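Participant: Questions regarding the structure given below will be posed in turn.
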Amino acid sequence: MIKQFFVILILSIVGYFLVDAFFKVPFGEKRDNVGNYYIEKSPVDLKVSNSVTAIVVNYRGFDTLGEVTVLFLAATGLGSIMYRRKQKGEKEVRAKNPSSRIIQIGSQILFPMIILLGGYVFIHGHLSPGGGFQGGAIIATASLLMLISYRKFKVSHNAITWIESIAGVVFASLGFIGLVLGRTFLENFLPTGELNDLLSGGIIGIIYIAVGFKVASELTGVIDTVLLNNRPEAQKEN
Amino acid sequence: MNSLILLLILVFGGALFSYLLNKFLPILRDGFVVLLMLLVNYVFFTMDSSTQIDFEMGGIHLQWAFTSAAFLFGIIVSILGLLSIIYSTAYMKGKDRLGYFYMNFLFSIGSMLGILMSRDLISLFFFWEIMTWSSYFIVIYSGKDVDKRGLKYIVFSAIGAYSMLMAIVIIYGFTGSFLLTDIFDSIFAIKASYQLAIAILLMIGFGVKSALMPLHVWAPGAYSGSPMSFTALFSGALSKMGVFGFALVLFNLVSNQNWLVNEVIAWLAAITAVLATFYAVIQSDAKKLLAYSSIAQLGYIVIGLASGTYLGVMAGLFLAVLHAVFKGTLFMAVGAVERQAGTTDMTKVSGLIRKMPWTFTASLISIIALAGIPPLGGFVGKWMLYEALITSDHYYLVIMVFLSSTAAFLYSYRILFGLFLGQEEPEFAHVKEAPLPMLIPMLLLSGISVLSGTFPGFILEPIQDAMVVFGFDSRIPNIEWWQLTVLFNSWGDKVVLQNVMIAIMGVFLIALAFITIKGYRKQRYVTTKDISSSGEIIQPEDNMTFQIDFYKPFERAIWPLLKRRIDDYYTDLGNGLEALFDLVRRIYNGNGQFYAIYVMAFLALLLIAGTKYFGF
Amino acid sequence: MVISPVQYIAIPLMAAFLIPLFGKLNKDLARIIPGLVLLYLSYISVVLMNQIISSNTIIVEIIAGWRPPWGINLVFSPLTGFLASMFSMLGFVIWMYTYNFKPEVDNAQKQKFYVLFMMLITGATGIVLTGDIFNLFVFLEITAISAYSLTAFYRERDGAEAAFKYLLIGSFSSTLILLAILLLYTQVGTLNMAEIALKMPGVDPFMKGVILILFFVGFGIESELFPLNGWSPDVYTQAPGPIGAIFAGMVVKAGIYGLVRVVFTLFDVKEILPLLVIIGMITMAVAEVIALRQGKLKRMLAYSSIGQMGLVAVAFGIGTHDSVFAAIFLMFNHAIIKGMLFLSGTYLVYNSTEKTLDDVDGIGKHLPFTSFLFALGALAIVGMPPFAGFWSKLYLLMAAADVRLMTVIAIILVVSVIEIVYYFRVIHRIYFRERISTIELKIPSFNAKLAMFILAIIIVAVGVYPDLISGFIERATTDLLDKQSYIQSVLSVGLK
Amino acid sequence: MNEFLTISFYGTAIVLMLIGLYAALAKKNLLKIVIGLSIIDSGLHLLFVAVGFISNGTAPIFSPEVLESAQQMVDPVPQALVLTAIVIGFATTAVALALVIRLYKHHNTAAIDEIKNLKW
């Protein structure tokens, strides 16, 4: 009991200081910070309408490269933590019990729609809100839907690894091309086209598509690993 | 190539090479090691004393040079080193891991030479630490309860070394340099309290190595536990590094207004001498007995140094050289007995005079020197010590030293009688005389102690040069080396019994020769079992040597003094600390959530404290 | 392709993405790639260090073509360059050690191990090199995520428990750092470290205090300061052997680098330094005292490593030029010596599950080379003269003596005596006890021995002749303390 | 009006974080701790976006109609940072859940104070 009381005491102190600090920051006021530069420059220099994407992919592209690696490492780490040597004749079944007809039919119809939406989101990353991460997440929900509703739906890990690695390599090599051309790493060497045009923004579009594929495959892989290892039989013998 | 660097390269390189040699060509090892030491001695003695090197290392200015004081101690180290190496070639025959033994042996000799030659505190500490861990590796080379012994040794040496490091760093903080020359003339500018702190810390550092009373706990175990060939060097030369340090510190770093330091050291040494002698008397194992006697002798040396007068320091240094000589012989003799008879427990072995005559003569001479009986060196040293103490009116000290040197008779008699005289034990009938490479060093050293008795001049000469370094430059004017003796002195006006002393000397020699030759043949050797036991049948296994409770009454008399040994205080302190540390361990109680709470509590504490720190 | 600091991060990332593919082609290709990458990184370290030493300038590399306040930049200065090259070279040596470390692990797991292994080193190098505060957070996360997964790598140990504790406290650390970055952004409006340092005086003291405390606790968790290091003993014991060496050598160093960069370059608040000294003293005292009571070898090494980090914190806390010099020297020594202790220690207790000190009894005869190196490492870390540890401890004491911190000196020396006791107790057990335990010993492979031997050579070389390293460290110290030149050279890059 | 907005946005975000903190520190069940961690993350992400908001500003996207109206735009940088923070939060939670699964299988208890093999 004293532990709870002690925790509440600490949290109140920390809370007090946080509130005190944040209330010194006026809400909704325009501050002179780096953000204004991005707003003026991104449509002009990069011809990219969604300035957040401009920042995420080009201005602070290194963050995103790091970001994608964190996701890649999480998938690899998850794989190594949940790793179980494959016993012979083991039936890989995901969902515990078959779902009803309605869901199966419904998911059959919905699956391609969701993937289409996901594709749209990360292809138009630099035009409309959203981008690689959001599109990838949408596609991952599509595969999750199928995994839950069908017992025998199999996500081939081989394919996932291929997509994942190729997308990562595309991202990194785009960066390297900038370096090979004698300019800086992740330089936007392609022509940037006009504003609000699909091909505008030089390599930003391509990178975000690669990120989209990578995120989609990684999230599906993560969901699949956790589902695969969490079945009742798996718990017994471990 | 500067001969100083050559010396160090020879020793340290030789050490590593001997380790490799032992791995690949073991037969060459003994020869190589002896040859190496001969070469080292040759380089050491043929080096002209003005060679000096200055160089930068890690941003610190280091300076190496052999001052005359260092030369004096260097003599002890190199000669005793050579003889104990020769001795150990025979003593260690048949033992395993000899490469490891010789490497550390040579490392300690090299580091001792390094200490002596370093004219700045950093290289002094550098070699001091190498000496510590190389001698540590030999202390734990073999024998029983290695753990306890080794740990005691390393802990006390670490405490000593690190208090010395603290003093060095404080000196650097105030004077900005490590060179001894700069320090000596700028030390007195520092605040008196810091001077005192520096002196005390250095005293602890050197006190541990020269086994002063509260810090002596490691010495009996280390001296008796390590192989005898190394103990000869250990107690003969290694402990002299502590004495060298004392000499360095007492005269240059301690200003005359805190003379109290000298007094305290003198008293500590006196207590050490008395108590160590009492402990030595009640020991039944020869090695332990000699270990305690070493501590006592070191006590005398430090009293000599701490007395501060010219004669006292001379007595201290003279005793230091003598102690190396006769203690080296005694440890070698005990080592010979241990090797030949298998045990040094005086209650078991006795009557070895007939089987090991030469070892007996060597230990007889060094016992006489140790006890301070006139014709030999011990007397000269003790005499000078008494004179110094009386002239500088330390009357209580004189009484303490007198008490402990008379008690010294007891244990010197016991070791002589215990091992060699008395009836023979039947089971030691097979004992043969020690091999030649063991005998030569013993006899050589006992020869030196005889020589230093009658003609101490040839030792006092380098001592006088050494004392100039310690700030006593009133040399005794132009006297022949043979005249520089208390016996034939035209210098010390205290004793003028020249011809009487010669007569005594002559009588002593003749009597000695007559007794040994005449009595040697005709004796009927009686074993301890051959006594009338009024009808009881003596079983072969019961132990009839009368050595068992040799000094029981004496022991009962001084028992209240020795009841609560100082080791027990240390063990209690150790256990108390361990219990406390166990409580600290409880902080990490294994629950991840508690660790997270610690983090948040620390954050909250910091935020509150922040108002004081960052003024918000 | 011209050699530039960005390759420290770009090439390992490319390799990481490729390893799963190569793993399909041929099994042990996945094991070779990290070695090649680290070898190449060590090569460019030599080239770049030579470049900045000879021309006495700082290499500032901008990414994606945008100048610092708007784009991200990497800074390869004497300090960051020294750390980055140390990480890559030490990483290569440790990779050599892990080449066939545990052959019985399945190939899929081994492939994942090597990806995470390489990313751990890249993350640490990234933290050190980057010039942007949020980028530093991202690299911190890369290191953290791969650290969590590597700690839980072996199934039979309690890896999961240690990893969960580390994750719990690690996510607290990242939350606090994120909060600090956010508050900082509201005050100075930029994420580039040089710009932040430039605009810092303008920030109002209350906000500056809160941000600094958040950063201090956030980075304090990563650099194992006292109340925040609950996770580290467990993680060191449960992680695979070489990973323990990487933690001690790099991850914690990157943590303390983050703390130091914040305290010395970003903020100009000098009151935090005495706090750093106090926290460092407590860390050192508590860790060494607990290490004395440890029954398990690796846990003892873990606490000793925390103690050493406490010493580094004290050295940075004193804040004078000499003490920072001693601190960086301590960091270098600790990375090398502790790395070797972990590497050799692993083989001493290779097959034992409990890894207690009794398994180490009398092992000197059976594994002579490894136990000799372990003893040498123990002598070195305790600060015995002919080895590297002596010089760094001496410089620290000299720096403390200059500012008359007598109690600091006294406590450091008392702690060193404690250190001697428990290290020599282990040496006792290795050499002078009979071997009774029946655990069969694993003889280290040739490349493992070679790796340990290289580290031993460095220790003895630096010990006998410290000037090999002190030149670099001297430049690194001036670089860390000279805030103006850092700001000026970063913000003026690309201004044609 | 502005005062109310400040309290409501910052206030809810900070309260959300404190709730998450309480769950992580006081709750025994491992899953609740992981949920607590993700609540802290969501609170933090809300704070990120709240800081970047400018009153009556639109999303920083230059779609054709926005171009003419030349309305004020919200600061895009915190939104870019929050994108990364969300993915990192996801990665940490994924690894945390994997560890919880393995801990549960190994100790078959979900209470954190029973998982104490590594102590002292």
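Participant: FRET efficiency for B:Ile390 and C:Asp467, Cβ-Cβ distance as r, R0 = 41 Å, nearest 0.05?
Facilitator: 0.15
Participant: Over all residues in C:11-22, what is the mean tally of Cβ atoms on other chains that come within 10 Å of each residue's Cβ?
Facilitator: Neighbouring Cβ atoms belonging to other protein chains average 6 per residue here.
Participant: Once both axes come from the Cα atoms, what is the angle between helix C:388-402 and the longest principal axis of chain C, in degrees from 0 to 90, rounded to 10?
Facilitator: So the inclination is approximately 50 degrees.
Participant: Among B:Lys355/B:Lys518; C:Lys393/D:Lys119; D:Lys32/D:Lys105, which pairs are too far apart, with a Cα-Cα distance over 21 Å?
Facilitator: Among B:Lys355/B:Lys518; C:Lys393/D:Lys119; D:Lys32/D:Lys105, the Cα-Cα distance tops 21 Å for C:Lys393/D:Lys119.
Participant: Counting partner chain Cβ atoms within 10 Å of every residue's Cβ in A:175-185, what's the average?
Facilitator: Average per residue, whole number: 5.
Participant: Length gain on complete extension for the stretch B:Phe45 to B:Thr181, per 0.36 nm per residue less the alpha carbon to alpha carbon distance?
Facilitator: 46.5 nm
Participant: Using the alpha carbons of chain A, what is the convex hull volume per residue in cubic angstrom, as a whole number?
Facilitator: That works out to 212 Å³ per residue.
Participant: Also: I need the calculated FRET efficiency for the pair B:Leu573 and B:Met57, taking r as the beta carbon distance and R₀ as 45 Å, to the nearest 0.05.
Facilitator: Details: r = 38 Å, r/R0 = 0.84.
Once rounded, the FRET efficiency stands at 0.75.
Participant: How far is helix B:357-371 tilted off the main Cα axis of chain B, in degrees rounded to 10, range 0 to 90?
Facilitator: It is inclined by approximately 60 degrees.
Participant: Helix B:310-341: angle to the longest alpha-carbon principal axis of chain B, degrees 0 to 90, nearest 10?
Facilitator: Rounded to the nearest ten degrees, it is 70.
Participant: Let me ask you something else. Could you work out the relative contact order of chain B, using alpha carbon pairs under 8 angstrom and six or more residues apart, expressed as a whole percent?
Facilitator: So the answer I get is 12 percent.
Participant: Counting other Cβ atoms within 10 Å of each Cβ, which trypsin sites (Lys or Arg not before Pro) in the stretch A:114-178 have at most 10 and sit in a DSSP loop?
Facilitator: The qualifying sites are A:Lys152.
Participant: Mind scanning B:Lys382/B:Lys432; C:Lys296/C:Lys365; B:Lys23/B:Lys288 and naming the pairs with a C-alpha gap bigger than 24 Å?
Facilitator: B:Lys382/B:Lys432; B:Lys23/B:Lys288
Participant: Return the average number of partner chain Cβ atoms within 10 angstrom of each residue Cβ along peptide C:372-382.
Facilitator: Averaged over the peptide's residues, the number is 1.
Participant: Please give every one of the aspartates and glutamates within straight-line cross-link reach of A:Lys30, meaning a C-alpha to C-alpha distance under 19 Å, and leave out same-chain neighbours fewer than 8 residues apart.
Facilitator: A:Glu40, C:Asp204, D:Glu3, D:Asp75
Participant: If we count other beta carbons within 10 Å of each Cβ, what is the order of B:Lys288, A:Lys3, fewest first?
Facilitator: A:Lys3, B:Lys288
Participant: Mind checking which aspartates and glutamates have their Cα closer than 16 Å to the Cα of B:Lys209? Skip sequence neighbours fewer than 8 apart in that chain.
Facilitator: Excluding near neighbours in sequence, the set is B:Glu129.
Participant: Here is a follow-up. Using +1 at the Cβ of each Lys and Arg and -1 at the Cβ of each Asp and Glu in the protein assembly as shown, identify which of B:Tyr100, C:Asn333, C:Gly249 lies farthest towards the dipole's positive end.
Facilitator: B:Tyr100
Participant: How much mean residue ellipticity at 222 nm does the protein assembly as shown get from its helices, if each DSSP H run of length 4 or more adds -39500 (n - 2.57) and you divide by all residues, to the nearest 500 deg cm²/dmol?
Facilitator: Rounded to the nearest 500, it is -23500 deg cm²/dmol.
Participant: Considering all projection directions equally, how large on average is the shadow of the alpha-carbon convex hull of chain B, in square nanometres?
Facilitator: Taking a quarter of the hull surface, the average projection is 36.6 nm².
Participant: Could you tally the net charge around B:His430, taking each other residue with its Cβ under 14 Å from the Cβ of B:His430, Lys/Arg +1 and Asp/Glu -1?
Facilitator: 0
Participant: Do any GluC sites (Glu not before Pro) in the stretch C:426-496 lie in a DSSP loop with no more than 14 other beta carbon atoms within 10 Å, and if so, which?
Facilitator: For GluC sites (Glu not before Pro) across the stretch C:426-496 that sit outside H, G, I, E and B with at most 14 neighbouring Cβ atoms in 10 Å, the list reads C:Glu434, C:Glu440.
Participant: Please give the peptides C:274-287, C:33-46 ranked by average Cβ packing (other Cβ atoms within 10 Å per residue), highest first, as a rough proxy for protection.
Facilitator: Highest-to-lowest ranking by the protection proxy: C:274-287, C:33-46.
Participant: Still on this structure, I have one more. Got the relative contact order for the stretch D:2-114 handy, in percent, Cα pairs under 8 Å and 6 or more residues apart?
Facilitator: 27 percent
Participant: Okay, moving on. Given an 8 Å cut-off on Cα distances and at least 6 residues of separation, report the relative contact order of chain A as a percent.
Facilitator: Contact order relative to length: 26 percent.
Participant: Going by how many other beta carbons lie within 10 Å of each one, how would you line up B:Thr309, C:Thr80, fewest first?
Facilitator: Lowest to highest Cβ neighbour count: B:Thr309, C:Thr80.
Participant: I would also like to ask the following. Show log10 I(q)/I(0) for the protein assembly as shown at q = 0.07 Å⁻¹, two decimals, from a solvent-free Debye sum over equal Cα scatterers.
Facilitator: Normalising to I(0) and taking log10 leaves -0.82.
Participant: Please give the peptides A:197-206, C:257-266 ranked by average Cβ packing (other Cβ atoms within 10 Å per residue), highest first, as a rough proxy for protection.
Facilitator: C:257-266, A:197-206
Participant: Only Lys, Arg, Asp and Glu count, each charged at its Cβ (+1, +1, -1, -1), so figure out the dipole size of chain B about its Cα centre, rounded to 20 debye. Before the final figure, lay out each step's value.
Facilitator: Numbers: 38 positive and 37 negative charges, 219 e Å.
Around 1060 debye, computed over chain B.
Participant: Sticking with this one: For the stretch B:215-291 and the stretch D:30-72, what is the separation of their C-alpha centers, rounded to whole Å?
Facilitator: The stretch B:215-291 and the stretch D:30-72 have Cα centres spaced 77 Å from each other.
Participant: Which aspartates and glutamates have a Cα lying under 15 Å from the Cα of C:Lys27, excluding residues fewer than 8 positions away in the same chain?
Facilitator: Within reach: C:Glu104, C:Asp106.
Participant: I would also like to ask the following. Taking the Cβ of each residue in B:Arg97, C:Arg475 as the centre, tally the other Cβ atoms inside 10 Å and list the residues starting with the fewest.
Facilitator: On the way: B:Arg97 15, C:Arg475 19.
Placing the least packed residue first, the sequence is B:Arg97, C:Arg475.
Participant: Related question: If packing is taken as the average number of other Cβ atoms within 10 Å across a peptide's residues, how do C:412-419, B:399-406, C:197-204 rank, most packed first?
Facilitator: C:412-419, B:399-406, C:197-204
A short reminder: the numbers here are calculations on the coordinates, not readings from a lab. Note that the structure is a prediction, hence the values are computed from the model and not measured. Methodologically, a virtual Cβ is constructed for each residue, glycine included, from the backbone with ideal geometry; neighbour enumeration extends over all protein chains shown.
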